[in-house]
Amino acid sequence: MTKIQRFKYNLIGDKNFYRKVILILLPIIIQNTVTNVVSLLDNVMVGRVGTLPMSAVAIVNQLLFIFNLCIFGGLAGAGIFSAQYAGADDHAGMRHCFRAKLYIGAAMLGIAFLVFLLAPKPLISMYLAESTSPADAEATIGYGLQYLAIMLAGLLPFAVSQAYGSTLRELGETRLPMIASVSAILVNLVFNYILIFGDEGLPFLWFGPMGVAGAAIATVLSRYVEAIIIILFVHRNKQRFPFIKGVYRSFKIPLELCKRIGKRGLPLLVNEFLWSFGMAILMQSYSIRGLEVVAATNISSTASNLFNVVFLSMGNALAIMVGQQLGANKAKEAKTTVWRLIALSVVACACLGLIMYFLSSLIPMLYNTSASVRNLAAQLIRIVGLMMPFYAFCHCCYFTLRSGGKTMITFIFDCGFTWGIAVPMAFVLANFTSLPILPLFFAVQAVDAVKCIIGFILIKKGIWINNIVE
């Protein structure tokens, strides 16, 4: 085989490979796309109420984002084992991992309620610039507290649905989580319109606009819908999902497995917490430039999430396929799969980044906000569009390292980079210079190019190739 043939073989798969990728990837992309489209529409609806309500919701969602990622990170440790158990057809092992996820989710819920109930106002106030007028600050905090109080009711069903959904995806079953999520999203969209605008949107209603409270209620309702659908379907199809048989007859988990999950999972949990907290600090650093920046970054991030679904979904697909191959002792196939998926993700995201760049001026026009906020949001979207291929490469590297159980290296690669470079850079530039928001934002995003080089070296060395369930 010549070098060119070897290069093509390593980066370009055959029809069977892409058929398998599509079966796993497509439902995840559909789920994430619909989620982000509705998130964009939700954002637009709240934005129609006004800039201050939109900023308040953006701030609270940034705080809840930390909880969401802690759930993802906490479940990921058990998920590494679960994916490899799935590859080895070990249903008992998957059952124990599922129970571990329930314990971890309960612990995360307890911590989240404690934090959000004890210090909601200081957390929201952290995002308000000193230049914000007292009236605007008071109104923003009021909207934020109202939104957060209701959103807390949706944390439980979110944690439960993630425990079920992540286990199904580790089995390679991505359609059911997609169906449950899309159903919930449609509920969210419909009730968002009804509750946010009330009789202003539909004259026959007997109640008036509920604003941010309506947005929160709609989201909570959708979380319960998602959890109910996925729980009922799984328990009614026990032959299809053997891991669920007898899962609640006992809550015991082998001590040795607990230790192994803890050893592998703790770095991921800490990583997701610190990474999401780092993202919150980045937003707080940007917010020093004023409430207009908060509104613009909210528009930009919501739009970006819509285009990010490809590389985010590709990371999930990579974790499923590579985890199962490692559990089945197919190291060579796993290595080839990684490079092919990385190549596919980078090329796809380069194309999406260009589309995002050219649509950057149109997306902010959906919002009822000032021309200056729209213009700033458009420029932020252009920067994100240019960085899309770098995000894709880093994301695939993260999931590759994680799939082999190298969680401490994953922690250093992801969280270490965020807190060692990105967060200090943003903090210093925002607090100790007068650098405008656009070059500040670009500088922080551009450091991911360095992260790509580090990721390439780690993946090339193959240190992630590891069977952890033998």
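The values are calculated or read from the model by the stated rules, or taken from the named source; none is laboratory data. In this text, all values refer to a predicted model and were calculated from it rather than measured experimentally. Glycine also receives a Cβ, built like all others from the backbone with ideal geometry; neighbour counts cover every protein chain displayed.
Checking the range 112-133 against the condition returns no match, with no residue being within 17 Å of Ser166 (Cα to Cα) and under 21 Å from the mean Cα position of the chain (by Cα). Applying a threshold of 9 Å to beta carbon distances and a minimum spacing of six or more residues, or different chains, the list of pairs starting in the range 272-291 at a residue that is among the β-branched types (Val, Ile, Thr) and at pLDDT 80 or above and ending at one that is surrounded by fewer than 20 Cβ atoms within 10 Å (Cβ to Cβ) and not in a helix (DSSP H, G or I) reads Ile288/Ala129; Ile288/Glu130; Ile288/Ser131.
Taking each residue of the range 75-90 that is under 17 Å from Glu173 (Cβ atoms) and looking for partners that are acidic (Asp, Glu) with beta-carbon atoms closer than 7 Å, six or more apart or interchain, yields Gly79/Glu170; Ser82/Glu170; Ala83/Glu170; Ala86/Glu170.
Condition check ((1) among the polar types (S, T, N, Q); (2) within 30 Å of Val187 (Cα to Cα); (3) in contact with a Gly (Cβ under 6 Å, 6 or more places away or on another chain)) across all residues:
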{"site": "Gly214", "(1), (2), (3)": "no, yes, no"}
{"site": "Val220", "(1), (2), (3)": "no, yes, yes"}
{"site": "Leu232", "(1), (2), (3)": "no, yes, no"}
{"site": "Gln239", "(1), (2), (3)": "yes, yes, no"}
{"site": "Ile244", "(1), (2), (3)": "no, yes, no"}
{"site": "Lys252", "(1), (2), (3)": "no, no, no"}
{"site": "Lys263", "(1), (2), (3)": "no, no, no"}
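None of Ile261, Ile253, Ile299, Ile281 is farther than 30 Å from Gly50 by Cβ and assigned to a helix (DSSP H, G or I) except Ile261.
Please list, ordered by residue number, the helices (runs of 4 or more DSSP H) wholly in the range 305-405 having 2 or more residues that are surrounded by fewer than 19 Cβ atoms within 10 Å (Cβ to Cβ) and among the hydroxyl-bearing types (Ser, Thr, Tyr).
Ranges flagged: 331-358.
Checking Arg382, Arg402 one by one, the residue that is among the basic types (Lys, Arg), within 30 Å of Met45 (Cβ to Cβ) and out of contact with any strand residue (DSSP E or B) (no Cβ under 6 Å at 6 or more places or on another chain) is Arg382 and no other. The residue pairs whose first member lies in the range 445-456 and is surrounded by 15 or more Cβ atoms within 10 Å (Cβ to Cβ), whose second member is hydroxyl-bearing (Ser, Thr, Tyr), and whose beta carbons are closer than 7 Å, counting only pairs six or more residues apart or on different chains, are Asp448/Tyr391.
Quick check on the range 115-168: of everything there that is among the acidic types (Asp, Glu) and not in a loop (DSSP other than H, G, I, E, B), which residue is modelled with the highest pLDDT?
It comes out as Glu138.
When the residues of the range 117-163 are filtered to those that are of a type in the set (Asp, Glu) and out of contact with any helix residue (DSSP H, G or I) (no Cβ under 7 Å at 6 or more places or on another chain), the one that is nearest to Tyr286 (Cα to Cα) is Glu130.
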